[in-house]
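Visitor: There's a structure below that I have some questions on.
The values are calculated or read from the model by the stated rules, or taken from the named source; none is laboratory data. No experiment lies behind these values; they were computed from the predicted model shown. Note that we place each Cβ from the backbone using ideal geometry, even for glycine, and neighbour counts take in every protein chain shown. Accessible surface is based on the protein model in full, side chains and every heavy atom, while ligands, DNA and RNA are left aside. Shrake-Rupley method; radii C 1.70, N 1.55, O 1.52, S 1.80 Å.
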Amino acid sequence: MSADRIFIIDDNKMNINLINSILGKEGYEVFSTMDSTTAFKKTIEIKPDLILLDIMMPEMDGFQVCEQLKASDQTRFIPIIFLTSRNDEEGIKRAFELGAADYVTRPFNRTELLARIRTHLDLKNTHQKLIKLERQSAILAMAVTANHEINQPLTVLSGNLFLLKESLSSKALSPKEMEYMERMERAIMKIKMILEKFRNPSSIKIQKYIEDTKMVVFDDRP
């Protein structure tokens, strides 16, 4: 199982080194930047599981960075924990209004920091599992509809093809006519196999097809 990826955005090198040391010992994969203006771009590149974000930074402060991250579909679901020396209610209120998951005030306690990080990583993982279950449920519902709507005409097609073959069994069919029959039988079997796979949502994966379009694929491993 791969380590969780944590991205530190802080303009203070000493703060980054301290947090890096704490998280590295816990097995996290840690990334950092001191440039808040490129934080959004780097977040997309890194794809972190959680972000530790300083509030007081030059050029773009933490509030602006958070707002930018939460405005994008690519980054909006990444939990953000603010790191701040501020303990004023207005700053904390604004952090939550912008979509932050939590905040930790400096000087922070190592145990508290790790506990907050673990809590929000667990919440993120739970959320992802719920999305997966919801997706599987939707696919299963689609499978029931597909089986109901497709099976009936498919059964008629399969039955009539069988009767057609039986009625022609006494006649000599050309190789080309036999090939046409076999093609139809293979096509019918393939449709039946696809419908069967839809009955097992755990075998279904979603992958990119083209540009923003996604498609359902099946995991054929036992």
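Visitor: Straight-line reach from residue 192: which aspartates and glutamates have Cα under 17 Å away, leaving out those fewer than 8 places along the same chain?
Guide: List returned: 149, 182, 219, 220.
Visitor: May I pose another question? Amide H of residue 75 versus every other amide H placed in the peptide plane: which residues, excluding those fewer than 5 positions away on the same chain, fall under 5 Å?
Guide: none
Visitor: Mean 1/r over all different Cα pairs, inverted: what Kirkwood radius does the stretch 42-128 give, in Å?
Guide: Working: mean 1/r = 0.0752 Å⁻¹.
Across the stretch 42-128, the inverse of the average 1/r is 13.3 Å.
Visitor: What are the ³J(HN,Hα) couplings of the stretch 93-106, residue after residue, when phi is run through the Karplus curve with 6.51, -1.76, 1.60 and θ = phi - 60°? Round to Hz, x for glycine and proline.
Guide: 4, 5, 4, 6, 5, 7, x, 5, 7, 6, 8, 10, 8, 8
Visitor: Given a 1.4 angstrom probe, what's the average accessible area per residue across the stretch 141-197, in square angstrom? Don't skip to the end; give the middle numbers.
Guide: On the way: 4370 Å² over 57 residues.
Per-residue accessible area for the stretch 141-197 comes out at 77 Å².
Visitor: Skip the ligands, DNA and RNA, and give the accessible area per residue of the stretch 1-62 with a 1.4 Å probe, whole Å². Present the calculation step by step, with values, prior to reporting the outcome.
Guide: Numbers: 3160 Å² over 62 residues.
Ligands and nucleic acids excluded, the figure is 51 Å² per residue.
Visitor: For the stretch 1-73, go through all pairs of different Cα atoms, get the mean of 1/r, take its inverse, and jot down that Kirkwood value in Å.
Guide: 12.4
Visitor: Using 0.36 nm per residue of separation minus the Cα-Cα distance, give me the extension gain between residue 118 and residue 165 in nm, one decimal.
Guide: Extra length available between residue 118 and residue 165 comes to 10.5 nm.
Visitor: Return the subset of 70/93; 25/93; 93/132 for which the Cα-Cα distance in this structure is over 23 Å, preserving the input order.
Guide: Numbers: 70/93 16 Å; 25/93 32 Å; 93/132 32 Å.
Listed pairs above 23 Å: 25/93; 93/132.
Visitor: What residue among 160, 109, 119 has its Cα farthest toward the positive end of the dipole of the stretch 92-181, where the charges are +1 on Lys, Arg and -1 on Asp, Glu, each on the Cβ?
Guide: Positive-most Cα among the choices belongs to 109.
Visitor: Now, a different point. From the phi angles alone, apply the Karplus equation (6.51, -1.76, 1.60; θ = phi - 60°) to the stretch 179-185 and give each ³J(HN,Hα) in whole Hz, x where the residue is Gly or Pro.
Guide: 3J(HN,Hα) across the stretch 179-185, in whole Hz: 5, 4, 4, 5, 4, 5, 5.
Visitor: Quick one: if you stick a label point 7 Å off each Cα along the C-beta vector at residue 137 and residue 93, how many nm between them?
Guide: 3.6
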